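The structure appears right after this line, and notes come after that.
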Amino acid sequence: MMPSSKLADSIARLAAHITGLPAGRTGKWLVLAMWVAIIVVAFPLASRLSGVVEDNSTAELPRAAESTRVAELVDRFPDANVTTGVVVYVRESGLTADDRAKVDADRLAFKRFAVQPIPPTQPSDDGQALLLAVPFDSSTVTEDASQVRTSAGENLPAGLEAKLTGPAGIGLDVSEALSGIDTTALLVAAAVVAALLLIIYRSPVLWVLPLLNAFLALQLANAAIYLLAKHAGLAVSSGSASILAVLVFGVSTDYALLLLARYREELRREPDRHVAMAVALRRAGPAIAASAATTALGLLCLLAADMGFNYTLGPAAAISILAGLATMITLLPALLVISGRWVFWPVVPRHGGARTASRSVWGRIGDGVARRPRRVWVGAVLALGVLAFGVVALETGLDEENIVTTTPDSLAGERLLAAHYPAGQSRPVQVIADAPAAADVTSALRDVDGVAEISQETLSTDGELIMVYAVLADPSDSPAAEATVDRIRTATRAVPGADAMVGGSTASTMDQDQAQEHDRQVVIPLVLVVVFTVLLLLLRALVAPLLLIATVVLSYFAALGASWLLFTHVFDFPAVDSQLMLIGFLFLVTLGVDYNIFLISRVREEVKRHDRRDAHREGIVRGLAVTGAVISSAGLVLAATFSVLAFLPLVLLVQLGVLVSLGVLLDTFLVRSILVPALAMDVGRWFWWPSRLARPAPAEEPVERPYAKMER
């Protein structure tokens with residue numbers, strides 16, 4: 001059996017050979033040819049992803065929840081392909097003959113859109129409203145509902161209001177709100193990244209390569225997700241597409257910036273660009289890979305989630321991260337070496353033109369932190385703590401009026417319905433039970449306080465199940481409606497032999513809240529364990545990972561507290577989406593640790609380079625000096641990319657964009673540049689315990705080994 005040292009050497013040689021392939025004189029062309037073949041295959045597959053998303057309509061719901069099982073069983077009923085739209089006509093002063101004539105005419109006109117006979121017009125008890133329930137074919141509901149809404153609003157007698165609501169109206173509004181947002185997010189993210197790369201590198205050419213690679217990474221990720229969804233049962237959520245586009249562009253560009261910075265540094269030391277790229281990959285590659293591994297493994301912790309959206313986001317986002325990593329450490333290096341030094345024009349890195357990092361802004365910041373590290377880190381912690389205090393007043397859970405940033409037409413219709421009919425008219429509770437117990441279930445429902453009426457009973461096509469629709473007296477998103485659903489569940493479960501399950505809008509919201517609470521309690525500890533393990537393996541230390549995790553967790557709460565202040569005083573949001581805290585934590589902790597990995601990996605490299613007594617302090621200052629500019633640029637790019645989400649119409653995406661952008665900026669300019677270096681200096685060599693770097697240095701100060709020699 002091969003000794004462990006020889007095995008490690010063999011693995012290291014293999015890794016060096018693989019990472020050196022894109023930098024080789026022949027290897028660069030082989031890598032390019034490989035990627036051309038990948039692109040030819042990936043692009044057609046990526047374009048099919050939307051078809052897989054449509055086949056997973058319940059993917060975002062809580063897994064195995066009662067309301068989700070009801071949604072899945074709906075396919076066994078005759079109305080499985082029917083989506084109801086509710087058109088409500090209201091005149092507050094009382095309906096007139098002209099109003100009734102308009103409604104009758106609309107009822108006749110709507111027949112061509114209805115998949116079933118339209119029930120008779122339903123008047124309100126106060127004589128001020130009329131209601132038409134239009135059954136649409138689910139496959140064409142968006143187009144048909146749009147025409148019904150337009151037709152209902154035409155030729156209205158003066159003073160008569162007409163609004164389309166119900167599942168069809170709400171679905172139409174959501175469809176219109178989501179229409180094109182994935183493309184918008186992609187294009188705006190690309191424009192933001194391009195602009196920032198132009199500013200950072202001041203090159204009219206260089207910005208194209210990271211942007212091109214990020215776009216190809218997204219296509220590769222989409223193709224892989226499609227194949228796994230089609231052939232391996234991977235569930236795909238339609239709500240995650242915008243997040244994935246922004247994530248791929250932001251993270252991929254970060255990896256590109258780190259590689260470009262090290263490559264440019266080596267070009268000033270090496271006359272041969274192939275050697276420079278090989279050294280850059282060997283030195284920067286492990287940190288980039290560790291960063292990607294941390295983020296991907298953290299995202300995979302979402303596989304322990306109950307909430308369908310979280311569960312499906314995890315694997316898809318992890319695949320996207322790995323696609324970005326693969327592209328940025330293979331194709332990008334090959335393209336850079338093929339292009340030559342001129343790609344950096346007009347600021348071309350010449351051999352022998354190395355700059356003195358200690359004179360940079362970040363070098364001076366490092367010197368300043370080193371003078372009084374304890375005072376600096378205590379001050380930084382206090383500042384973050386003040387921001388985190390805002391979390392105390394945080395409210396979670398958005399009602400239906402605040403899911404989108406606009407006021408949709410269906411919401412106005414809901415308000416009219418609530419004013420003139422039982423408030424839950426448009427979205428009744430669905431109760432599915434075994435058919436023989438139908439009468440007992442219906443009787444139990446009639447006795448439940450808060451149930452206004454039993455609107456319909458439907459038998460499944462196989463005759464085994466019965467569905468009963470119960471209209472609630474209270475608005476479907478109100479606490480009173482949730483209390484009624486609890487009573488319904490208690491009453492129907494008590495019916496012998498019924499095996500009753502309760503679903504519908506209100507029940508689904510309740511199940512989602514429970515699933516989110518479960519996910520926060522389970523996934524967050526898992527993420528922390530994964531991040532700690534990766535840091536432990538990378539740094540071969542115990543103290544450093546604990547301190548780094550503590551800083552990013554504190555940064556998360558500071559960002560959440562500051563975001564809540566913005567949400568309440570700037571955006572006028574009454575609460576945060578229940579999904580925000582977990583998804584925001586996941587992104588900020590894993591991405592925040594990324595920047596610490598980039599910094600501490602370089603610090604560790606610099607500390608190992610010296611044997612003198614002050615090597616620890618000098619390594620931190622040097623590491624901050626040489627990585628400060630590139631990590632700050634990467635943070636700005638990532639924050640700006642995620643800020644794109646703040647301009648989309650879904651409140652969850654707006655809140656996620658604000659939270660992640662703010663958190664990344666805090667990590668970049670306070671945690672990574674001030675707090676972490678100050679903590680590391682104050683702790684001293686114990687920062688690396690129990691690794692060899694924690695041992696006291698000898699009293700004498702040997703001559704420093706040449707940097708260039710070490711690089712080779």
Filter the range 509-533 for residues that are open to solvent by 20 Å² or more (accessible area, probe 1.4 Å) and within 30 Å of Q425 (Cα to Cα) and give the result. T509, Q512, D513, Q514, E517
So which residues in the range 548-585 are more than 22 Å from F669 (Cα to Cα), assigned to a helix (DSSP H, G or I) and open to solvent by 10 Å² or more (accessible area, probe 1.4 Å)? T568, H569, M581
State which residue is nearest to V148 (Cα to Cα) when the search covers only the range 72-96 and only residues that are of a type in the set (G, A, S) and either open to solvent by 80 Å² or more (accessible area, probe 1.4 Å) or modelled with pLDDT under 90 (or both). A80
Pick out the one residue from L652, L693, L638, L665 that is in contact with an Asp or Glu (Cβ under 7 Å, 6 or more places away or on another chain), farther than 18 Å from A550 by Cβ and surrounded by fewer than 24 Cβ atoms within 10 Å (Cβ to Cβ). L652
Restricting the first residue to the range 126-144 and requiring it to be over 17 Å from A105 (Cα atoms), which pairs with a second residue that is hydroxyl-bearing (S, T, Y) and surrounded by fewer than 18 Cβ atoms within 10 Å (Cβ to Cβ) meet a Cβ separation below 8 Å and a spacing of at least six or different chains? Q128/S93; T142/S175
Qualifying helices (runs of 4 or more DSSP H) (wholly inside the range 609-711; at least 2 residues being modelled with pLDDT of 85 or more and either of a type in the set (K, R) or more than 30 Å from S175 (Cα to Cα) (or both)): 615-643, 651-666, 676-683
Quick one: would you say A190 is over 27 Å from A59 (Cα atoms), free of Cβ contacts under 8 Å to residues at least 40 places away in the same chain and open to solvent by less than 60 Å² (accessible area, probe 1.4 Å)? no
Any chance the range 494-503 includes a residue that's without any contact (Cβ under 8 Å) to a residue 60 or more places away in the chain and β-branched (V, I, T)? no
So in the range 486-507, with the set limited to residues that are polar (S, T, N, Q) and open to solvent by less than 20 Å² (accessible area, probe 1.4 Å), which one is nearest to L445 (Cα to Cα)? T492
Exactly one of V658, V593, V626, V683 is closer than 25 Å to Y263 by Cβ, hydrophobic (A, V, I, L, M, F, W, C) and open to solvent by 10 Å² or more (accessible area, probe 1.4 Å), and that residue is V626
Going through the range 429-485 in order, the residues found to be in contact with a strand residue (DSSP E or B) (Cβ under 8 Å, 6 or more places away or on another chain), acidic (D, E), under 16 Å from F77 (Cα atoms) and open to solvent by 60 Å² or more (accessible area, probe 1.4 Å) are E457, E464
For the range 149-185, give me each residue that is hydroxyl-bearing (S, T, Y) and within 19 Å of N81 (Cα to Cα). T165, S175
Looking only at residues that are open to solvent by 20 Å² or more (accessible area, probe 1.4 Å) and hydrophobic (A, V, I, L, M, F, W, C) in the range 114-128, which one is farthest from L416 (Cα to Cα)? V115
Note: among L108, L131, L156, just one is open to solvent by less than 20 Å² (accessible area, probe 1.4 Å), at pLDDT 90 or above and either out of contact with any Leu (no Cβ under 6 Å at 6 or more places or on another chain) or within 23 Å of H420 (Cα to Cα) (or both), namely L131
Just give me the residues in the range 198-211 being closer than 28 Å to V658 by Cβ and open to solvent by 20 Å² or more (accessible area, probe 1.4 Å), in sequence order. L198, I199, I200, W207, L211
Is it the case that some residue within the range 344-365 is crowded, with 22+ Cβ neighbours inside 10 Å, assigned to a helix (DSSP H, G or I) and out of contact with any Gly (no Cβ under 9 Å at 6 or more places or on another chain)? no
Specify which of the listed residues (A224, A256, A214) is open to solvent by 20 Å² or more (accessible area, probe 1.4 Å) and not aromatic (F, W, Y). A224
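The values are calculated or read from the model by the stated rules, or taken from the named source; none is laboratory data. Quantities reported herein were computed from a predicted structural model and do not represent experimental measurements. A quick note on method: Cβ atoms are made from the backbone with ideal geometry, for glycine too, and the neighbour counts reach across all protein chains shown. For the accessible areas, the whole protein counts, side chains as well, though only heavy atoms, and no ligand, DNA or RNA atoms are used. Shrake-Rupley method; radii C 1.70, N 1.55, O 1.52, S 1.80 Å.
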